[in-house]
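*Asks:* This is the structure, below, for whatever I ask next.
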Amino acid sequence: MRAAVSGDGTGAIGEALPRAGWPRTLELARRHGLVGILAHGLGAAGWDGVAPPVRAAVEDEARELAARNLALAAELLRVLDALAARGIPAIPYKGPALAVAAYGRLALRPFLDLDVIVPRDAVAAAGALLEAEGFRPVSPLPAGHEAAFLRSRYARAYRRPADGTLIELHWALAPRYFGMPFDFAGVHARMAALPLAGRTIRAPAPADLVVMLCAHGARHLWDSLEPVAALAAVVRRTPGLDWPELLARAAARGTERLLLVGVSLAAELGAIPLPAPVRARAAAHAPLPRMVTQLRRRLTASAGPRPGLLRTARLHLALRERLRDRIRYCVGGALSPGERDWHGGALPALRRPGRLLREHRARRKPEP
């Protein structure tokens, strides 16, 4: 399956997709978050060759997606306004802002929650604001653990019981042990105007968005096609990106390889040319072709079990070019408590190794 990008920057399913048969086509589109893109592409083609029941199913799902996205976009605007009124700077992340930045259309990208990034020192105030708006932490923290949680984690989820709306309040892009530094002040200062639901908001500039999408994709090991299609669309819609500067900034932070992998995947699967500076720098990373091939095969293969703990760790380590980042990942990944480790008493870091070992053994245990 190939996620192509058309001239207007919107995603479309490649020609090979319908050849799998419509039941398989819909299954793949749902699995990879591409139903909105599929509907847009087929509609642009006049639904040529599409059976009426299939068209009805695709159109129904696309309408539901559009309605949900519009409601969440309105909620995002309300939250951004509330944060601004309290003097809390905020960056909209993924969700509605990415849908418009990538595709120019709110209805083409699926999302089930909202992500907002605030400065680390504003997390408490932003969380209090959300609670005043009817949201509650999905996983309340034990008393006295707030400071340690902020140091080791990167986001906290809040849900509004009245309607189930979920907001993830971020202060970083990943746990600290991933070694993906986030310059909130710089990204916030460079934000660009973006039209959203009849308003104009400020959202990450395209260059920053490319870096953020590559970091997010790397953390999740590019486990679906929609993030690849979104990255390809952003690159396609921004021909003037300063790639040498982007690569230099990534190299200084030890994240050049994950940037190269993300853009290479977008070029292969998203029908965009590989930027010449990316092509030139790729030669300095010997594991790059093998990494791109592995991730591409995972993306285009039939659905299967997610990679286990050791396989995930190997892939994450291969994405990093600096020894110190690999060491940080190994030590932090073993000891830095995840959200589930913060409950049940003191010393959450001591609970993590045992939990990871139990989960690893459970995955390896054969089915009865």
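Values in this text are rule-based calculations from the coordinates and carry no lab data. Predicted model, so just to flag it, every value in this text is computed and none were measured. As a convention, Cβ positions derive from the backbone with ideal geometry for all residues, glycine included, and neighbour counts pool all protein chains shown.
*Asks:* Considering the convex hull of the alpha carbon atoms of region 114-156, report its projected area averaged over all viewing directions, in nm², one decimal.
*Replies:* 3.2
*Asks:* Antiparallel versus total DSSP beta bridges in region 92-226: what percent is that, nearest 5? Mind showing how you got there, number by number?
*Replies:* On the way: 14 of 18 bridges.
About 80 percent, rounded to the nearest 5.
*Asks:* Note down the nm distance, to one decimal, between modelled labels 7 Å out along Cα→Cβ at Ala197 and at Ser139.
*Replies:* Each label point is offset 7 Å from its Cα along the Cβ direction, giving 2.8 nm.
*Asks:* Let me know the shape class of the chain, please: from the alpha-carbon gyration tensor, a ≥ b ≥ c as square roots of the eigenvalues, rounded when a/c is under 1.5, otherwise prolate if a/b is greater than b/c, or oblate.
*Replies:* Cα axes put the chain in the rounded bin.
*Asks:* Using the number of other C-beta atoms within 10 angstrom as an exposure proxy, rank Cys214, Cys330 with the fewest first.
*Replies:* Least to most surrounded, the residues fall as Cys330, Cys214.
*Asks:* So if each residue of separation counts as 0.36 nm, and I subtract the Cα-Cα distance between Ala251 and Glu146, what length gain in nm does that give?
*Replies:* Values: separation 105, 0.36 × 105 = 37.80 nm, distance 3.25 nm.
Here the segment from Ala251 to Glu146 would lengthen by 34.5 nm.
*Asks:* Related question: Order by neighbour count: Ile201, Ile117, fewest other Cβ atoms within 10 Å first, most last.
*Replies:* Ile201, Ile117
*Asks:* A further question follows. By counting other Cβ atoms within 10 Å of each Cβ, how are Ser224, Ser152, Ser264 ranked from fewest to most?
*Replies:* Ser224, Ser152, Ser264
*Asks:* Still on this structure, please answer the following. Could you work out which residue, out of Ala107, Ala189, Ala334, moves most in a Gaussian network model of the chain, that is, has the largest mean-square fluctuation with Cα springs under 10 Å?
*Replies:* Maximum among the listed residues: Ala189.
*Asks:* At Ile327 and Thr312, where each label point lies 7 Å from the Cα along Cα→Cβ, what is the point-to-point distance in nanometres?
*Replies:* 2.5
*Asks:* Suppose we keep just the DSSP beta bridges with both residues in the chain; what percent of those would be antiparallel, to 5?
*Replies:* Antiparallel: roughly 80 percent of the beta bridges in the chain.
*Asks:* Suppose only helical runs count, i.e. DSSP H with n ≥ 4. What mean residue ellipticity at 222 nm does that imply for the chain under -39500 (n - 2.57) per run, divided by all residues and rounded to the nearest 500 deg cm²/dmol?
*Replies:* Here the helix-only value at 222 nm equals -17000 deg cm²/dmol.
*Asks:* List the trypsin sites (Lys or Arg not before Pro) within region 237-286 that DSSP assigns to loop and that have no more than 16 neighbouring Cβ atoms inside 10 Å.
*Replies:* Answer by residue number: there is no such site.
*Asks:* Can you tell me how much longer the chain between Arg68 and Arg296 gets when fully stretched, taken as 0.36 nm per residue apart minus their C-alpha distance, in nm with one decimal?
*Replies:* Length gained, Arg68 through Arg296: 79.1 nm.
*Asks:* Another question, then. If you place +1 on the Cβ of every Lys and Arg, -1 on the Cβ of every Asp and Glu, and leave all else neutral, what size is the dipole of region 25-70 about its Cα centre, to the nearest 20 Debye?
*Replies:* Approximately 120 debye in magnitude.
*Asks:* Regarding region 200-326, what is the average projected area of its C-alpha convex hull, in nm²?
*Replies:* Here the figure is 8.5 nm², rounded to one decimal.
*Asks:* Please quote Rg/Rh for region 154-249 to two decimal places, taking the Kirkwood radius as Rh and restricting both calculations to Cα atoms.
*Replies:* 0.98
*Asks:* A follow-up question, please. Over the chain, what is the relative contact order in whole percent, taking alpha-carbon pairs under 8 Å and six or more residues apart?
*Replies:* Computed over the chain, the figure is 16 percent.
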